[in-house]
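The structure appears right after this line, and notes come after that.
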Amino acid sequence: MGEHHGHHHITVNNPGELKALLEFNFHHNASHIDELLQIADAFEKTGSPETGKKIIAAAKIFANGNALLEEAIKSLE
């Protein structure tokens, strides 16, 4: 699974670099959403369907947030 190193202090002021950073985060988030769905599936298969359903609900919320990031990216094009 992915590794996080805490919060980052953004010092970039160049619009192109900021867009690239936003795009990186969008794709990074998408990979986490995929991981969450796989985890949910595993819980459902191992006899914890309620846990799986909660994880799926969380993944949907994350996906909604990521859709907003995608809109932000498109607004820059």
Can you divide the C-alpha Rg of the stretch 27-66 by 2.2 N^0.38 Å and report the result to two decimal places? 1.12
What number, in percent, do you get for the relative contact order of the chain if the mean sequence gap of Cα pairs under 8 Å and at least 6 apart is divided by its residue count? 32
Taking the Cα atoms only, what angle lies between the long axis of helix 15-45 and the longest principal axis of the chain, rounded to 10 degrees? 0
Student exercise, the chain dipole from Lys, Arg, Asp, Glu Cβ charges, in Debye to nearest 20: 200
Compute for the chain: radius of gyration divided by Kirkwood radius, i.e. Rg/Rh, restricted to C-alpha atoms, rounded to two decimals. 1.10
Keeping the other protein chains in place, figure out the carbon and sulfur percent of the accessible area of the chain, with a 1.4 Å probe. 59
Can you give the helix-only mean residue ellipticity at 222 nm for the chain, where every DSSP H stretch with n ≥ 4 adds -39500 (n - 2.57) and the sum goes over all residues, rounded to the nearest 500 deg cm²/dmol? -27000 deg cm²/dmol
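The values are calculated or read from the model by the stated rules, or taken from the named source; none is laboratory data. All of these numbers come straight from a predicted model, not from anything done at the bench. Quick reminder, even Gly has a Cβ in these numbers, built from the backbone with ideal geometry, and neighbours come from all protein chains shown. In case anyone asks, the SASA skips ligands and DNA or RNA and just uses the protein heavy atoms, side chains included. Shrake-Rupley method; radii C 1.70, N 1.55, O 1.52, S 1.80 Å.
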